[in-house]
Structures are given as C-alpha cells and as structure tokens.
C-alpha cells in the first residue's frame, strides 16, 4: 500500500529521466541530419534553426567531390570480404575444437583465445611492418586479412560454445551414412549453426564497419580509405576549408546504413552485440 | 583409415585460421617486445639493441606520465558514471512500472527506449568524434547555440579548447557512446530475475530503493563485473575520440597513452620508443584486469 502511494510521483520522475536520456541520445544525430540540408551560412548563423529548403546538392557534393562515394564502396568491399572470411574460418576452427580430440588441442585453443585479451596498441608498430613487408600496405585485400585475423579469436570462441550445444549424434549419423567430414560440416553442421553464425556475423559486421584504428595505420592512400577514416580526414580538412554542410551530409551518409540495419533487425543486433558479454 | 581422414580434416580446417592469426595477431605481439628494446626509427634496417633505454626514457617522460594519469582518471570515472547511469536507466525501464495486480512490469514504452538508447553505440567512434567536435564548436556548435537560445549568451565555453573542460568533454562523449549498450546488458540480467522474488519483496513492503540495492544489484553482479572490465578496456584505449577531437591538447590535458604511442610511431617515427609504450600498456592492462576480477569477486548468487 505504502509503495503504491509513493509510486505516482516516482514513476513520473523515472519517466522524465527516461525521456531525457532518449533526447540526449538522439538530438546529436538528428542535428547532423538536419544540418546536412542547410547551407553553410545557415549553419553558421544559428545551429538550432531548421533549413529554409532541403539542399540535396550537399549530398551530391559529399558523395562526389569529397569522395564519400569511394570510401563507401571501399568499406562495402572490405567489410563484405572481412565478415565472410571471418565467418568461414572461425566456423571451421570452432568446429574442429568443438568436435574432435587431438594432441595440442588445449594449447592451440588457448593460443587463439589469448588474442582477445591484449590491447591492439601493443601490436600496432609490428603489425604495420608485417603488412608492409607482405606487400599488403595500402590495399583493401590487406585490410580484409587483418580485419579477419583480429576478428577470429572472439568469433571462434563464441562458435565453439555454440557448436558444443548442437547434438553430436547427427554429425556422427551423417558420417556413418557415408557423408564425408567436409560434406557433414558444410551440409549439416553449418546450417544447424545458423543462429550462432547470424549473431557472430552481426557482431563482426558492425565492428568491422566501424573500425578506425587499423585502416588509419595501414592505409595512407586516400583512394583506399574506408568511411570512418575518410570522414575523420574530411573533418580535419573541411574544418578550415568551410564546407560544413558537405561534412554533415557525409556524416549522414555514413550513419544511415548502420542505423537502418539496426532499425530493421534491432532485436538481433542487440542480441549479437551483447552475446559476448552475456556468455 | 577413418582416423587418417579425420586428422586431414583437423589440419585442413585449422591451417588457414591459424596462419592468419599467427601472422597478423600473434607475431606482432611477440615482435613488440623485441622492438621495444631497440632504437629503431623506421624503414631503414638500422636497429640497435639499446636494452632498457626506452623504458628508462619513458619513466622520465612527463607527457607519458600525464597520458597515463589521464588514462587512470578515465579508468575510474568512465565505468563509474557509465554503469551508474545505465543501471539507473535499466532499473527504471524494467522494474519501475509499479506493482499492478501483484506483478512488476516495465514502464510504458520500455522497448522504444531500449532501441533509441542503443543508437550512439552502433555508430563508428570516428563518426561520433567528428559529430561531437561540431557539437562542441564554440561559435556555431549545438551546445553554445543552445546556451545562447536560453539567454545564456554570456556563457560560451570553448569546450575542447579549454584546458579545464576538454578532458571532461571527452569523457562525456565516451559515456554518451556507451550507456545504451550497458542498459541492454543490464536489462538482460534484470529480466532473468524471477518475478516471484520481486513479488515477495513487494509483499514484504520493500521500497524501490531497497529492491534496487538488495535484489537487483546483487543478482546482476556478474553483468556489472563484465561491464567494469569492458569499460576499463575502453578507458585504456580512448584513441579515436582523442585523436579526432583534441589531438591530446590543449596543453596535453587530454593526452592518453594510446594516442601518444601513435604519435611517436607514426608522426615522429620513433618505433622502438612507441613499442616500449605498448609493452607498458600491455602490463598495465594485464594487472588491471586481474585486479578488477579479484576486487569485484563476490559469492555468486544462484537463482
């Protein structure tokens, strides 16, 4: 009874906080979108004013002259390649660790998993030279391989746990029926592991799409920039050059795909992103 | 025969992942220890072993100490503020709807809030850095524009340009970026608490505050621990935000170890010195994760 009496104002206060944080979370993003339709003088005059007209040409300028289109294409290639390769290789390794007993299994497993614990900064200098020496500097292929390598430990760790929950009898029955191990893996185990692969795929898609440090260090040729890197570079250049509306248009172009993917699949995205933390 | 086939599968499936991981992840970590002992300055082959000279220089480098100090302040403040805020919001979302017909449910629109709170987290930290640099812009940024709009035209801080404010402005961006993720994480934990436990507490006359501290927090302690470790790692990083928003300035007030390392390696070409910093960071990270896991260890509550 006492609680019910006090619940009126408390719930109102709680709601007020919830609304406040919703505003804090969204207003900066909305501001970028609104500003991307303004002209430069409008942006300078009043940051809170709405655009007098929708200047779509800002987007065209960002896409072409500011090379956002090129960066976008590069990002699609690198993330497409990176996520596909990560899923394939981590599923293969995870399958072996989950299903077979062999010498050095424990050692190899911990060797892999150790990669999750170290800060990437420590490896930054040697990584740069390893990639240079292999002739993979300034290349999208090099980025795909490095993204994949750094995504492997967590992805494999997660999928091992997932493969362990699948009934082993099905794979054994398939093998007995004359299905080879490789066919068993691709035709039976991978389809059964789909929910796990989707979680890992979403996790890596967002992680690799947003990656900034690795391309910053490995790629210096601006025709090979990815989106996050190109945008940061643009901000430094244009902060003084004055094309603020073009910059906001670039920001909007970079934000939208990820927000759309999230809006469409939000339950799955949240599950995929928190999967690691909840294990 | 079957076993030969099997070992071929094991080797075949492991070869490619193992090779990639060894070349791009494991070998750089190992090399870092060696490079840290040299005076290597880059693409020339000249690299002389100098023993611990880099570490000795580091111990007397005031900028490095300033950077580490800032990391330590982040290490305390970032988890504290982010987890506090996220716990509060998650609790409000899930348990503050009030008991109706003996049942505790979330507030209206809880699903909507969870979706919206997650927005900042899924964006690239580079995009966030660029966006907030503009928000903090003293002349035509969102913040000072807002202050002018409410009649505070006299109060126009230069935010990232102000030595006393810049660090906290950076911290605010990191908190803004992370809170939504932890709301979702804690929500998953709170949802797993059996409703019967909360009902019993309500029947016993427990207040909301009591429910929060005596039931919710202890029962999702594992999630809070995980959050502490994740945020600790983020506090030791903070690279993108610093690099994009402040470049460590003004006057090193926002300098962090990761950015100072990057500057030494890729702006000054001091690869040996930068690697020595990497090794120190590595040691600090290991020590801190061990410490955090020990310090937050509690009797695990099964339910």
Legend entry - Kirkwood-based shape ratio for the range A:49-182, expressed as Rg/Rh from alpha carbons: 1.17
Inset, instruction - Would you mind giving the mean number of other chain beta-carbons within 10 Å of the Cβ of each residue in A:16-29, as a whole number? - result: 6
Inset, instruction - Determine the equivalent ellipsoid of the range B:132-252 by diagonalising the alpha-carbon gyration tensor, then write out the semi-axes as square roots of 5 times the eigenvalues, largest first, rounded to whole Å. - result: 39, 20, 11
Legend entry - q = 0.20, 0.26 Å⁻¹: log10 I(q)/I(0) that the Debye formula gives for the range A:20-113, counting C-alpha atoms only: -1.02, -1.20
Inset, instruction - Would you mind getting me the FRET efficiency between residue B:164 and residue A:265? Use the beta-carbon distance for r and R0 = 41 Å, nearest 0.05. - result: 0.45
Legend entry - Estimated FRET transfer efficiency (residue A:101, residue A:221; beta-carbon r; R0 30 Å; 0.05): 0.05
Inset, instruction - Can you tell me the 0 to 90 degree angle between the C-alpha axis of helix A:266-278 and the longest principal axis of chain A, rounded to 10? - result: 60 degrees
Legend entry - residue B:286-residue A:182 pseudo-label distance in nm [points 7 Å out on the Cα-to-Cβ vector]: 4.0 nm
Inset, instruction - Using a Gaussian network model of chain B whose springs link C-alpha atoms within less than 10 Å, name the residue from B:56, B:238, B:86 with the highest mean-square fluctuation. - result: B:56
Legend entry - Relative contact order %, chain B, counting alpha carbon pairs below 8 Å whose residues are six or more apart: 28 percent
Legend entry - Length added when fully stretched, residue A:116-residue A:169, from 0.36 nm per residue minus Cα-Cα: 15.9 nm
Inset, instruction - Could you work out which residue, out of A:196, A:267, A:80, moves most in a Gaussian network model of chain A, that is, has the largest mean-square fluctuation with Cα springs under 10 Å? - result: A:267
Inset, instruction - Relative to the longest principal axis of the C-alpha atoms of chain A, give the angle of the C-alpha long axis of helix A:244-264, reported between 0 and 90° and rounded to the nearest 10°. - result: 40 degrees
Inset, instruction - Could you work out the mean count of beta carbons from other protein chains within 10 Å of each residue's beta carbon in A:125-138? - result: 5
Legend entry - Gaussian network model of chain A, Cα within-10 Å springs - most flexible of A:12, A:75, A:165: A:12
Inset, instruction - Would you please give the FRET efficiency between residue A:84 and residue B:48, computed as 1/(1 + (r/R0)^6) with r the Cβ-Cβ distance and R0 = 41 Å, to the nearest 0.05? - result: 0.40
Legend entry - Pairs of Cα atoms farther than 25 Å apart, the range B:186-303, %: 47 percent
Legend entry - Quotient of C-alpha Rg and 2.2 N^0.38 Å, computed over chain B: 1.27
Legend entry - Compactness relative to 2.2 N^0.38 Å, alpha carbon Rg of chain A: 1.27
Inset, instruction - Please express the shape of the range A:105-213 as an equivalent ellipsoid: the semi-axes are the square roots of 5 times the eigenvalues of the C-alpha gyration tensor, given largest first in whole angstrom. - result: 32, 15, 15
Inset, instruction - Using just the helices of the protein assembly as shown, give the 222 nm mean residue ellipticity in deg cm²/dmol: DSSP H runs with n ≥ 4 each add -39,500 (n - 2.57), and the total is spread over all residues, rounded to 500. - result: -22500 deg cm²/dmol
Inset, instruction - Can you tell me the 0 to 90 degree angle between the C-alpha axis of helix A:2-35 and the longest principal axis of chain A, rounded to 10? - result: 80 degrees
Inset, instruction - Quick one: compute the contact order of chain A, relative version, from alpha carbon pairs under 8 angstrom and 6+ residues apart, as a percent. - result: 31 percent
Inset, instruction - Report the label-to-label distance for residue B:11 and residue B:214 in nanometres (one decimal), using points 7 Å from each Cα along the Cα→Cβ vector. - result: 6.4 nm
Inset, instruction - Grab the alpha carbons of the range B:114-181, take their convex hull, and tell me the volume per residue in Å³. - result: 91 Å³
Inset, instruction - Using only alpha carbon positions, build the gyration tensor of the protein assembly as shown, then give the equivalent ellipsoid semi-axes as the square roots of 5 times its eigenvalues, largest first, whole angstrom. - result: 37, 35, 25
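Taken together, the values in this text are just the output of simple stated rules run on the coordinates, not laboratory data. Please read these numbers as outputs of a predicted model, since none were measured by experiment. Every residue, glycine as well, gets a Cβ built from its backbone with ideal geometry; the counts of neighbours run over all protein chains shown.
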